[in-house]
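Structure, as structure tokens:
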Amino acid sequence: MDQATQLRNIIKCASLEAGRASRPLARVITVTSGKGGVGKSNVAINLAIQFRKMGQRVIILDADFGLANIEVMFGAVPKHNLGDLIYQDKKIKEVITWGPMGVGFISGGSGISGMYNLSRDYLVKIIVNLAELDAIADTIIVDTAAGISDAVLEFLVASGEIILVTTPEPTSITDSYSLLKALNAHPRFSPDETVIKTVSNRVETEEEGEQLYHKLSTVVSRYLKLPMIYLGYIPQDELLVKAIMQQSPISITNPNARSAKAFEHIAAELTGPSSSIREVKPRGMAAFFSHIVKGRKLDSDAQTQKDNSAVS
């Protein structure tokens, strides 16, 4: 039995143990950007707040391992991270920190980077625990690091729903295209199973937001043949800047601010009838991470084979 088959059996075993088949699957949305400093984490947090206002249970996975953006913006320090679940025998509920309005967040720590080296028991353990998130949350928002690192691409390949945050800065547009180009070239990326949606951030008007989307989508459609969906825009707003400095989401501190209303509109787009366009079925968190683990193992095995061939 090859390692890929073994891994599939592990995932099947873990899913059955967690009882995932009898539970509804959480919606997993991955928020990303081609470069840092474009407001990606702020978008993730405020969308989470807007979902909570709609009555949804929401958890954010902070997958930017080098920076603790979510906890800083929430003004909360987590006691544990995902690595503690794997190596310190913590349960999934113990690594969730609860922020404003009952939005939960999980710090990724360094727990994910070494998953493809884990033993069978550890893999079963993490997938069983992650499967429990489907019972805890209706929506899980994954906030990736910025840029085109291997870790970011792993999350995007595993995600059925991606939100790409872009600003009018030429470098942001260029880096957004570069990110999508790298994603499209990934051997395990399937455009038929992934919906890419965009948000125009820090624009002056609605028209500027639409122009930014069309500028990017025209190039992406021509050269990458990838369809994209426009969710909306977030305007330049001094109240939003002030809320960030106060470490409190604008959707809470000033729900009538222009930016807060924009987040409300985008959340409505994500949950309304128009959101059914090219939607993929919810996969749940266990399937999301299983995809990452399986991909990393397959890549590792391929590299080992290549190395062995070179030696022989």
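Going by what's in this entry, would Leu298 be described as at pLDDT 95 or above and either in contact with an Asp or Glu (Cβ under 7 Å, 6 or more places away or on another chain) or part of a helix (DSSP H, G or I) (or both)?
Working: at pLDDT 95 or above: no; either in contact with an Asp or Glu (Cβ under 7 Å, 6 or more places away or on another chain) or part of a helix (DSSP H, G or I) (or both): yes.
In short, no.
Exactly one of these conditions fails for Ala268: (1) surrounded by 17 or more Cβ atoms within 10 Å (Cβ to Cβ); (2) among the hydrophobic types (A, V, I, L, M, F, W, C); (3) closer than 23 Å to Met54 by Cα. Give me its number.
Just one mismatch for Ala268, condition (1).
For residues that are under 17 Å from Ala131 (Cβ atoms) and in contact (Cβ under 8 Å) with a residue 12 or more places away in the chain, tally how many sit in the stretch 79-103.
Number of matching residues: 9.
With the structure loaded, tell me whether Thr174 is closer than 21 Å to Ala145 by Cβ, out of contact with any strand residue (DSSP E or B) (no Cβ under 9 Å at 6 or more places or on another chain) and surrounded by fewer than 17 Cβ atoms within 10 Å (Cβ to Cβ) or whether it fails that test.
yes
Being buried (at least 20 other Cβ atoms within 10 Å of the Cβ) and either in contact (Cβ under 8 Å) with a residue 40 or more places away in the chain or out of contact with any strand residue (DSSP E or B) (no Cβ under 7 Å at 6 or more places or on another chain) (or both) is the requirement here; does Ser251 meet it?
On the way: buried (at least 20 other Cβ atoms within 10 Å of the Cβ): yes; either in contact (Cβ under 8 Å) with a residue 40 or more places away in the chain or out of contact with any strand residue (DSSP E or B) (no Cβ under 7 Å at 6 or more places or on another chain) (or both): yes.
Here the answer is yes, as Ser251 does meet what is asked.
Taking Val199 as meeting all but one of (1) touching a residue at least 40 places away in the same chain (Cβ under 8 Å); (2) more than 23 Å from Gln50 (Cβ to Cβ), write down the number of the exception.
For Val199, the failing item is (2).
So, Lys181, is that one outside any loop (DSSP other than H, G, I, E, B) and over 17 Å from the mean Cα position of the chain (by Cα) or not? Let's see the steps before the verdict.
Working: outside any loop (DSSP other than H, G, I, E, B): yes; over 17 Å from the mean Cα position of the chain (by Cα): yes.
The answer is yes for Lys181.
Suppose we filter Ile196, Ile244, Ile234 for residues that are more than 27 Å from Glu71 (Cβ to Cβ) and surrounded by 14 or more Cβ atoms within 10 Å (Cβ to Cβ); which single one remains?
Just one listed residue meets the conditions, Ile196.
Filter the stretch 58-111 down to the residues that are under 17 Å from Glu154 (Cα atoms) and out of contact with any strand residue (DSSP E or B) (no Cβ under 7 Å at 6 or more places or on another chain), then identify the one that is modelled with the lowest pLDDT.
Ser110
Does the stretch 272-280 include one or more residues that are assigned to a helix (DSSP H, G or I), surrounded by fewer than 17 Cβ atoms within 10 Å (Cβ to Cβ) and in contact (Cβ under 8 Å) with a residue 24 or more places away in the chain?
No, the stretch 272-280 has no match at all.
Looking at this structure, is Arg222 of a type in the set (Lys, Arg), within 22 Å of Met73 (Cβ to Cβ) and not in a loop (DSSP other than H, G, I, E, B)?
On the way: of a type in the set (Lys, Arg): yes; within 22 Å of Met73 (Cβ to Cβ): no; not in a loop (DSSP other than H, G, I, E, B): yes.
Spelling it out, it is not the case that Arg222 is of a type in the set (Lys, Arg), within 22 Å of Met73 (Cβ to Cβ) and not in a loop (DSSP other than H, G, I, E, B).
The values are calculated or read from the model by the stated rules, or taken from the named source; none is laboratory data. Remember, it's a predicted structure, so these values are computed and weren't measured experimentally. Because the Cβ atoms are built from the backbone with ideal geometry, glycine has one as well, and the counts that use them run over all protein chains shown.
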